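J.: Please find one structure pasted underneath; my questions will follow.
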Amino acid sequence: MALTLETMNALNGATKGAPGGAKAGDAAGAGQGTSETFLKLLVTQMQNQDPLNPMDNAQVTSQIAQINTVTGIQTLNTTMGQLASQFTQLQALQGVSLVGRHIVLEGSTMAVAGGRGEGAFALAGAADAVEVEVLDGSGRVVDTLALGALSAGQHDFEWPAGKQPDGSYRFRVSATAGAATVGATPLVVDQVQAVSLVGSRLVLDTLNSGPVDYAAVRAVN
């Protein structure tokens with residue numbers, strides 16, 4: 001019976017199923033074990049081959065190429081796993097530097113404290129007129145900010161709450177350029193309280209928005 005890639009995978013199932021977090025030495029040992037198994041099987045096969053129908057050189061070369069492929073894939077998988085682990089650790093270290101800083105996320109909530117609220121939005125294009133409506137918990141519009149003409153991109157705004165009580169509000173943005181509507185994405189300004197790793201994901205614990213993925217951060221202020 002010829003040695004094939006499927007045969008080697010079956011004979012070395014334990015090696016193939018090794019955890020991705022295995023150390024480099026373990027992976028090297030596994031790769032060496034696979035090679036040794038292959039060579040033993042190849043020698044046994046050659047010793048027991050039909051003298052009248054021996055294996056040709058092309059067949060032997062093909063089988064050697066297959067085992068080299070298996071060993072190379074094992075080594076590559078181990079290397080990629082180590083790189084992914086190092087990247088996650090580096091990301092966590094970078095995340096620690098965000099504690100106490102303000103970040104920008106997609107969302108329309110606005111926390112008001114000390115009679116003052118902050119928000120932001122991103123315009124898809126330049127606008128002649130931009131308005132921000134502030135809504136209370138019941139959805140009632142309590143104030144409107146006329147911000148005039150603005151360029152495309154991100155813009156921050158502050159809302160002096162006046163006699164409105166502190167608490168959680170929402171806002172919506174409308175923008176026009178002549179008779180055309182300009183796309184506006186509301187953004188939330190929040191503060192990072194702590195960071196943690198959930199598997200390979202970096203999660204930021206924020207003051208008002210709760211846990212959010214680091215990938216969701218639009219900007220850091």
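J.: State all residues of the range 97-126 that are surrounded by fewer than 13 Cβ atoms within 10 Å (Cβ to Cβ) and either out of contact with any strand residue (DSSP E or B) (no Cβ under 8 Å at 6 or more places or on another chain) or of a type in the set (A, V, I, L, M, F, W, C) (or both); if no residue qualifies, say none.
T.: Scanning the range 97-126 gives S97, A113, G114.
J.: Looking at A122, is it under 30 Å from A194 (Cα atoms) and modelled with pLDDT of 95 or more?
T.: Against the criterion (under 30 Å from A194 (Cα atoms) and modelled with pLDDT of 95 or more), A122 qualifies.
To keep it simple, each residue is scored yes or no on (1) touching a Pro at 6+ places or on another chain (Cβ under 8 Å); (2) closer than 25 Å to A215 by Cβ; (3) of a type outside the set (F, W, Y); (4) modelled with pLDDT under 95.
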| position | (1), (2), (3), (4) |
| --- | --- |
| H102 | no, yes, yes, yes |
| T109 | no, yes, yes, yes |
| E118 | no, yes, yes, yes |
| D128 | no, no, yes, no |
| T144 | no, no, yes, no |
| Y169 | no, no, no, no |
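J.: Which of the residues spanning the range 131-150 are charged (D, E, K, R) and over 15 Å from V112 (Cα atoms)?
T.: If the condition is that a residue be charged (D, E, K, R) and over 15 Å from V112 (Cα atoms), then E131, R140 are the ones that fit.
J.: Of the conditions (1) open to solvent by 30 Å² or more (accessible area, probe 1.4 Å); (2) under 26 Å from L207 (Cα atoms); (3) modelled with pLDDT of 90 or more, A152 clears all except one; give me its number.
T.: With respect to (1) open to solvent by 30 Å² or more (accessible area, probe 1.4 Å); (2) under 26 Å from L207 (Cα atoms); (3) modelled with pLDDT of 90 or more, A152 is out only on (2).
Each row is one residue, and each column tells you yes or no for (1) modelled with pLDDT of 70 or more; (2) among the polar types (S, T, N, Q).
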site	(1), (2)
E36	yes, no
P54	no, no
L76	yes, no
T79	yes, yes
A84	no, no
L98	yes, no
E131	yes, no
L135	yes, no
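J.: Looking at the range 107-138 only, could you name the residues that are within 12 Å of R172 (Cα to Cα) and either of a type in the set (D, E, K, R) or without any contact (Cβ under 8 Å) to a residue 12 or more places away in the chain (or both)?
T.: The answer is E131, E133, D136.
J.: With L187, L197 as the choices, which residue is of a type in the set (A, V, I, L, M), open to solvent by 30 Å² or more (accessible area, probe 1.4 Å) and assigned to a strand (DSSP E or B)?
T.: Within the list L187, L197, the selection yields L197.
J.: Can you pull out the residues in the range 153-179 that are out of contact with any strand residue (DSSP E or B) (no Cβ under 9 Å at 6 or more places or on another chain) and either among the charged types (D, E, K, R) or in a strand (DSSP E or B) (or both)?
T.: Initial filter on the range 153-179 (out of contact with any strand residue (DSSP E or B) (no Cβ under 9 Å at 6 or more places or on another chain)): 163, 179.
Scanning the range 153-179 gives a single hit, K163.
J.: Something else about it: Taking the range 200-221 as the search range and keeping residues that are assigned to a strand (DSSP E or B) and touching a residue at least 40 places away in the same chain (Cβ under 8 Å), which one is most open to solvent (accessible area, probe 1.4 Å)?
T.: Applying the first criterion (assigned to a strand (DSSP E or B)) to the range 200-221 yields 201-206, 210-213, 219-220.
Filter once more, keeping what is touching a residue at least 40 places away in the same chain (Cβ under 8 Å): 202, 204, 206, 212, 219-220.
Working: L202: 8, L204: 0, T206: 8, V212: 23, A219: 26, V220: 62 Å².
So the residue we want is V220.
The values are calculated or read from the model by the stated rules, or taken from the named source; none is laboratory data. This structure is a prediction, so every number in the text was calculated from the model and none was measured. Glycine also receives a Cβ, built like all others from the backbone with ideal geometry; neighbour counts cover every protein chain displayed. To get the accessible areas, we keep the full protein, side chains included, count just its heavy atoms, and leave off ligands, DNA and RNA. Shrake-Rupley method; radii C 1.70, N 1.55, O 1.52, S 1.80 Å.
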